[in-house]
Structure formats: structure tokens, C-alpha cells
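Comments concern the structure below.
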Amino acid sequence: MLQALLADLTKKISKDSPVLADIAAAIAPVEKIDGFFVRPETIFDRDSVFDAVAVYLLTPRHLVIVMTDVTYELSSAGDFVTTTQVVELANIKDYQIVRRRVLDGPEAGAISSIQMRLRWGNGWAVDIRPSACDDPHCEADHGYVGLGQGDDGEIMLDTSLDDDVFAQGLLFVEQLAARLVR
């Protein structure tokens, strides 16, 4: 079973990909893969366009996340950077799933995007904004207000992805959610 899943995973990532060895190293210690999802994406920034890939693996006890992208931080020629994160499923404190569905037309009710946010307590996002009062003419300094929330991981899918990738992602989110509910 593991060999069949690994073969399927390798098919989804180009055999000549320079990051295939990094992904293989990340999953080498895994004895059983219950499910996986490969999310390729093209990223645009001011100066360039480059490809990235995220691989999510579900094992009996862990969620393994392997993210590879290109950086020009240390070399003008660019480098592939692969980061692997392994999270024990028992340590995932909570998750949210946000589903968006088409409102109207022939596709009404179809899922147009899904976002799964996972929190295990390692990452936090803090949003700080100027505080204000209810008086629209008040010019006093009311200080700042901050909001901190867990921000460890997320899987984001939308219909801009290839149909097969989108379907695989939906299946993986459902599989991960079912495992976390146990």
C-alpha cells in the first residue's frame, strides 16, 4: 500500500523535479501514509514568477507538511527551499473549515473554495490597529488594540486550481477532518 501511494505521489510531482529528493527525505521515516495531497502553485511577486509545491501527508499519528518554493534571498540565481514540518495529530488543538459555495447560476451550491485552518499552538498572528472611540470628530490618541490568534497551518483551495488538484484537495481536507474528529 505504501509503495502504491509513493508511486502515485511521485507521479504528481515531476520525476525530474529538483525537490523530489527533499520530499522523499521528508517521507522516508514514515511507515504508513493514509492519504496525501500535492498542491502546486505559481507565485507572482514584483520581480518574478516561480513555482512552489506543498505536499500534505496524513499518517496514522502525524500530519507531515513539506513546502518547497524558490527564494532569491541568498543568491541572485535563486535557490529551492524545502521546509518540512511534522505535527502529531494529537497536538492539533482545533481546526476550522470555511467553505464557500457558488450563490447563483448553473453551478449554484457547488464549492468554489475551501480553507482549513489548523492550530497546534506554535504560531501566532498578531494584528495591531489604532484604537478609536465612537466620536467621529475626536482627534485624541486612543492607543492601540491588538488581536492575537493561533496561526499554525492552513490548506487553501479554490477553483483556480486544476479540477483534479481541487478534487484531491477536497478529499484530503475531508479525510484530515474525519481523523481529527476521532
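The values are calculated or read from the model by the stated rules, or taken from the named source; none is laboratory data. Predicted, not measured: the structure shown is a model, and the values here were computed from it. Cβ coordinates were reconstructed from backbone atoms using ideal geometry, including for glycine residues, and neighbour counts include every protein chain displayed. Heads up: the accessible areas ignore ligands, DNA and RNA and are worked out on the full protein's heavy atoms, side chains in. Shrake-Rupley method; radii C 1.70, N 1.55, O 1.52, S 1.80 Å.
Once the other residues with Cβ under 14 Å from the Cβ of ALA90 are scored (Lys, Arg +1; Asp, Glu -1), what is the net sum? Neighbour charge sum, excluding ALA90 itself: +3. With a 1.4 Å probe rolled over the protein heavy atoms of all chains, the accessible area of PHE166, PHE37, PHE80 falls in the order PHE80, PHE166, PHE37, largest first.
Accessible surface of TYR95, taken over heavy atoms with a 1.4 Å probe and every protein chain present, rounds to 70 Å². Only protein heavy atoms count here; on that basis, with a 1.4 Å probe, ASP94 has an accessible area of about 60 Å².
Label positions at ASP141 and ASP127, each projected 7 Å from the Cα along the C-beta direction, are separated by 2.5 nm. With R₀ fixed at 45 Å, the C-beta to C-beta distance from ASP34 to ASP79 puts the FRET efficiency at about 0.90. Couplings for segment 127-133, taken from phi via the Karplus curve 6.51 cos²θ - 1.76 cosθ + 1.60 with θ = phi - 60°, read 10, 10, 10, x, 8, 8, 10 Hz in order; Gly and Pro are left as x. Once the chain from ALA110 to ALA177 is taken as fully extended at 0.36 nm per residue, the excess over their C-alpha distance is 22.2 nm. In the complete set of protein chains, residue-level accessible area for MET156 is approximately 70 Å², probe 1.4 angstrom. Summarising the amide proton neighbourhood of GLU154: residues at separation of 5 or more, or on other chains, whose placed amide H is nearer than 5 Å comprise LEU118. What the phi angles of segment 156-170 give under the Karplus curve with 6.51, -1.76 and 1.60, with θ = phi - 60°, is a coupling list of 10, 10, 8, 6, 6, 6, 3, 3, 5, 5, 4, 5, 5, x, 4 Hz, glycine and proline written as x.
Could you rank HIS62, HIS137, HIS142 by how accessible they are, 1.4 Å probe, largest area first?
Output order, biggest surface exposure first: HIS137, HIS142, HIS62.
Ranking THR59, THR71, THR84 by solvent-accessible area of protein heavy atoms (1.4 Å probe, all protein chains present), from largest to smallest, gives THR84, THR71, THR59.
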